[in-house]
Amino acid sequence: MQTPEKWIEIHEKQLIEDICDLVRIPSVSVSTDDPAAPFGSDCLEALKATLAIGERMGFSPQNHENYCGSLVWQGEKASEIGIFGHADVVPAGGGWEYEPFNPTVKDGMIIGRGASDNKGSFMAALYALHYLKEQGYQPKHSFRFFVGCSEEVGMDDLAYFTENYTEPVFSIVPDTAFPLCNGEKGILGIDADYALKSDVLLHFSSGVVANAVPSEASAILKISEEGASRLESLGAVVAKRSDGTYDVSVTGIAAHAAFPEGSDNAELKLARILSHSGVLDEEADALMKALCILFGDYYGAGLGVPFADEASGKLTHVGGLASYTDGVFRQSINIRYNVTADYDRMIKTITEVLQQYGFEVKEIDNSHPFHIDKDDPLVKMLLEIANRHLDTDLEPYVMGGGTYSRKLKRAVGFGPGIPKKAKRFGPDRGGAHQPDEYQEIEDLKKAFLIYVEALQALDASVS
């Protein structure tokens, strides 16, 4: 029998090729009315490509009506242990030095959109299953490796699966960091409109997705040349258009909405510049001042909900997407709230604050938090395995990010991120939902070793 350390060294090249093949597919999830591709043709292609990789490894592929798919390894029992990953990605956005969908392998990294979130991450767990099967391991339980197509935009793929198929009795979700994520904050999405009639502000736009701090924001203004110079002096990029109006833009630092620390919200940056410049009329200036108050911090104060608790820390909020056309300013707000938060009280307060500043709430989308006790036997077992391999003594944690764990009856986030590892490109590049997203190859190999042991331990312990 070959050791997992030796086996992954032999299979490293193939692992990298498989990840790169998936990264080349720009699988941004888009809802459609086409039952043949409910989340778009690119997501369908990524789903089929992942199932083909698993079939090559000897697993049984199952396409669940193009919403999602599974790779199944039948054990002695029908009850299943799940591994849940997703093949969809967020849009590339701007600011890349490398090509987002033409992966680059250099200096021990795979660089490209999805290399970490989640194509590279789930591949470490799939290769662990591959190793066990190839070495002749005989599982007691069946294993189901789930591949989703809309994790980044609502998880309708998983909702379809749980409504129509039997859920595993316990699952791991390789979409976090080690040692173990035993809880996730609630995720609240709010869309609000602001009626605006301005003779100066003609257009406004920021962000590419609702669940990320925007790195770019722009406006079109009807102003004088003196006003344009004033905006430039405050740090905006200004260009005169053929009709005499001006394009005004700024860049910030993107980040996942769940982890906004270290980012620089371009919408807030532009709103401050426009307001401080004095070029706006009264109507547009009132809106920009409101944005500065609402999004002046990341921890709920601007919305009147600066909540925090011991289990999950501070509530966070960002304005992810904004646009202004035809007299309506549309704002999306992404909130990650505490596991102990009073939801009804929170919604009431936020609605009242938004109304105070002239916004009308149009839509609310809520995903409740989840939490598994850290003393749960399976949590303690997985925690011990991860800490031993990493030579750490870390506790399980609750995070602001949202994974499939929150939609499953019994699941935890488990790797493959290595805690406290310095980012190669600094705080504003390289992470999930950031430009130049990358995955460390050595980290994947370390995660592979953890998954090999953890999957066997779960097989022996799950009841």
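Only one residue in ASN118, ASN63 is within 19 Å of the chain's Cα centre (by Cα), among the polar types (S, T, N, Q) and either within 20 Å of LYS407 (Cα to Cα) or at pLDDT 95 or above (or both). Which one? Talk me through it step by step, then tell me what you get.
Details: ASN63 fails: within 19 Å of the chain's Cα centre (by Cα).
Going through ASN118, ASN63 in turn, the sole match is ASN118.
For segment 298-308, give me the residue count where each residue is in a loop (DSSP other than H, G, I, E, B) and either at positive phi or surrounded by fewer than 16 Cβ atoms within 10 Å (Cβ to Cβ) (or both).
First, pick out the residues of segment 298-308 that are in a loop (DSSP other than H, G, I, E, B): 298-300, 304-307.
Still in the running and either at positive phi or surrounded by fewer than 16 Cβ atoms within 10 Å (Cβ to Cβ) (or both): 300, 304, 306.
Final tally of qualifying residues: 3.
Looking only at segment 314-330, filter to residues that are part of a strand (DSSP E or B) and within 19 Å of HIS256 (Cβ to Cβ); which one of those is modelled with the lowest pLDDT?
Going through segment 314-330, the residues part of a strand (DSSP E or B) turn out to be 314, 316-325, 328-330.
Then keep just the ones that are within 19 Å of HIS256 (Cβ to Cβ); that gives 314, 316-322.
Details: LYS314: 92, THR316: 94, HIS317: 95, VAL318: 95, GLY319: 93, GLY320: 83, LEU321: 94, ALA322: 97.
So the residue we want is GLY320.
Of (1) under 28 Å from the mean Cα position of the chain (by Cα); (2) in the same structural domain as LEU270 (by TED's automatic domain parsing); (3) surrounded by fewer than 16 Cβ atoms within 10 Å (Cβ to Cβ); (4) polar (S, T, N, Q), THR251 satisfies all except one. Which?
Here THR251 clears every test but (3).
Please work out which residue is nearest to GLU184 (Cα to Cα), limiting yourself to segment 228-260 and to residues that are of a type outside the set (A, V, I, L, M) and in contact (Cβ under 8 Å) with a residue 60 or more places away in the chain. First the steps, then the outcome.
Going residue by residue through segment 228-260, those that are of a type outside the set (A, V, I, L, M) are 229-230, 232-233, 235, 240-247, 249, 251-252, 256, 259-260.
Remaining after also requiring in contact (Cβ under 8 Å) with a residue 60 or more places away in the chain: 251, 256, 259.
Numbers: THR251: 30, HIS256: 14, PHE259: 12 Å.
Going through the qualifying residues, I end up with PHE259.
Go through the residues of segment 161-170 one by one and say whether even a single one is closer than 25 Å to MET57 by Cα and assigned to a helix (DSSP H, G or I). So that I can check it myself, show each step before the final result.
Here is the first cut: in segment 161-170, the ones closer than 25 Å to MET57 by Cα are 161, 165-170.
Pick out the ones that are also assigned to a helix (DSSP H, G or I) and you get 161.
Yes, segment 161-170 contains a residue that is closer than 25 Å to MET57 by Cα and assigned to a helix (DSSP H, G or I).
Out of all the residues in segment 41-68, which are out of contact with any helix residue (DSSP H, G or I) (no Cβ under 9 Å at 6 or more places or on another chain) and more than 19 Å from VAL23 (Cβ to Cβ)?
GLU55
For segment 106-120, indicate whether the set of residues that are at negative phi and surrounded by fewer than 22 Cβ atoms within 10 Å (Cβ to Cβ) is non-empty. Let's see the steps before the verdict.
Of all residues in segment 106-120, those at negative phi come to 106, 109-111, 113, 115-120.
So of that shortlist, the ones also surrounded by fewer than 22 Cβ atoms within 10 Å (Cβ to Cβ) come out as 106.
Yes: one or more hits.
From the list ALA217, ALA239, ALA228, ALA258, pick out the single residue that is part of a helix (DSSP H, G or I), outside the structural domain of PRO435 (by TED's automatic domain parsing) and hydrophobic (A, V, I, L, M, F, W, C). Let's see the steps before the verdict.
Working: ALA217 fails: part of a helix (DSSP H, G or I); ALA239 fails: part of a helix (DSSP H, G or I); ALA258 fails: part of a helix (DSSP H, G or I).
Going through ALA217, ALA239, ALA228, ALA258 in turn, the sole match is ALA228.
Could you grab me the full set of residues in segment 401-413 that are farther than 15 Å from ASP117 by Cβ and in contact with a helix residue (DSSP H, G or I) (Cβ under 8 Å, 6 or more places away or on another chain)? Even if it seems obvious, please write down each step before you answer.
The initial filter retains those residues of segment 401-413 that are farther than 15 Å from ASP117 by Cβ, namely 406-412.
LYS407, LEU408, ALA411, VAL412, listed by residue number.
Residue under question is VAL279, and the condition is that it be in contact with a helix residue (DSSP H, G or I) (Cβ under 7 Å, 6 or more places away or on another chain) and under 27 Å from SER229 (Cα atoms); does it hold?
Details: in contact with a helix residue (DSSP H, G or I) (Cβ under 7 Å, 6 or more places away or on another chain): yes; under 27 Å from SER229 (Cα atoms): yes.
It is true that VAL279 is in contact with a helix residue (DSSP H, G or I) (Cβ under 7 Å, 6 or more places away or on another chain) and under 27 Å from SER229 (Cα atoms).
Looking only at strands (runs of 3 or more DSSP E) that fall completely inside segment 331-418, which ones have 2 or more residues that are over 30 Å from LYS197 (Cβ atoms) and in contact with a Ser or Thr (Cβ under 8 Å, 6 or more places away or on another chain)?
Passing ranges, in order: 397-399, 411-413.
Could you go through segment 338-347 and let me know if any residue there is among the hydrophobic types (A, V, I, L, M, F, W, C) and within 24 Å of ALA266 (Cα to Cα). It would help to see each step written out before you state the result.
Step one: of segment 338-347, the residues among the hydrophobic types (A, V, I, L, M, F, W, C) are 339, 341, 346-347.
Okay, now just the ones that are also within 24 Å of ALA266 (Cα to Cα), so none.
No: zero hits.
If you take the residues in segment 26-55 that are surrounded by 22 or more Cβ atoms within 10 Å (Cβ to Cβ) and either part of a loop (DSSP other than H, G, I, E, B) or without any contact (Cβ under 8 Å) to a residue 60 or more places away in the chain (or both), which one is farthest from the chain's Cα centre (by Cα)?
Only one residue tops the list, namely PRO38.
Does ILE333 fit the bill of being buried (at least 18 other Cβ atoms within 10 Å of the Cβ) and assigned by TED's automatic domain parsing to the domain that holds SER405? Spell out the reasoning first.
Numbers: buried (at least 18 other Cβ atoms within 10 Å of the Cβ): yes; assigned by TED's automatic domain parsing to the domain that holds SER405: no.
In short, no.
Yes/no per residue for (1) at pLDDT 95 or above; (2) touching a strand residue (DSSP E or B) at 6+ places or on another chain (Cβ under 8 Å); (3) small (Gly, Ala, Ser); (4) closer than 30 Å to LEU449 by Cα:
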{"position": "GLU163", "(1), (2), (3), (4)": "yes, no, no, no"}
{"position": "THR166", "(1), (2), (3), (4)": "yes, yes, no, yes"}
{"position": "ILE172", "(1), (2), (3), (4)": "yes, yes, no, yes"}
{"position": "PHE178", "(1), (2), (3), (4)": "yes, yes, no, yes"}
{"position": "ASP191", "(1), (2), (3), (4)": "yes, yes, no, no"}
{"position": "ALA195", "(1), (2), (3), (4)": "yes, yes, yes, no"}
{"position": "GLY207", "(1), (2), (3), (4)": "no, yes, yes, no"}
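Residue by residue, here is whether (1) buried (at least 24 other Cβ atoms within 10 Å of the Cβ); (2) of a type in the set (A, V, I, L, M); (3) closer than 16 Å to GLY413 by Cβ holds:
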residue	(1), (2), (3)
PHE146	yes, no, yes
PHE178	yes, no, yes
SER198	no, no, no
SER206	yes, no, no
ALA210	no, yes, no
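Would you mind telling me which numbered condition in (1) of a type outside the set (Val, Ile, Thr); (2) more than 24 Å from GLY401 (Cα to Cα); (3) in contact (Cβ under 8 Å) with a residue 24 or more places away in the chain ASP326 fails?
Checking ASP326 against (1) of a type outside the set (Val, Ile, Thr); (2) more than 24 Å from GLY401 (Cα to Cα); (3) in contact (Cβ under 8 Å) with a residue 24 or more places away in the chain, the one that fails is (3).
Cβ-Cβ distance below 7 Å, separation of 6 or more or different chains: which pairs start in segment 372-383 with a residue that is β-branched (Val, Ile, Thr) and at pLDDT below 95 and end on one that is buried (at least 16 other Cβ atoms within 10 Å of the Cβ) and assigned to a helix (DSSP H, G or I)?
Listed pairs, sorted by first residue: ILE372/VAL379.
Under 15 Å from ASP18 (Cβ atoms), buried (at least 17 other Cβ atoms within 10 Å of the Cβ), of a type in the set (A, V, I, L, M) and at pLDDT 95 or above - does that describe any residue in segment 82-95?
Keep residues of segment 82-95 that are under 15 Å from ASP18 (Cβ atoms), which gives 85, 87.
Subset that is buried (at least 17 other Cβ atoms within 10 Å of the Cβ): 85, 87.
Checking which are of a type in the set (A, V, I, L, M) leaves us with 87.
Add one more test, that the residue is at pLDDT 95 or above, and what stays is 87.
Scanning segment 82-95 turns up at least one residue that is under 15 Å from ASP18 (Cβ atoms), buried (at least 17 other Cβ atoms within 10 Å of the Cβ), of a type in the set (A, V, I, L, M) and at pLDDT 95 or above.
Test of understanding: among ALA311, ALA290, which residue is more than 19 Å from ILE223 (Cβ to Cβ), assigned by TED's automatic domain parsing to the domain that holds ARG336 and not in a loop (DSSP other than H, G, I, E, B)?
Values: ALA311 fails: not in a loop (DSSP other than H, G, I, E, B).
The match here is ALA290.
The values are calculated or read from the model by the stated rules, or taken from the named source; none is laboratory data. Everything quoted here is computed from the prediction, not taken from an experiment. As a convention, Cβ positions derive from the backbone with ideal geometry for all residues, glycine included, and neighbour counts pool all protein chains shown.
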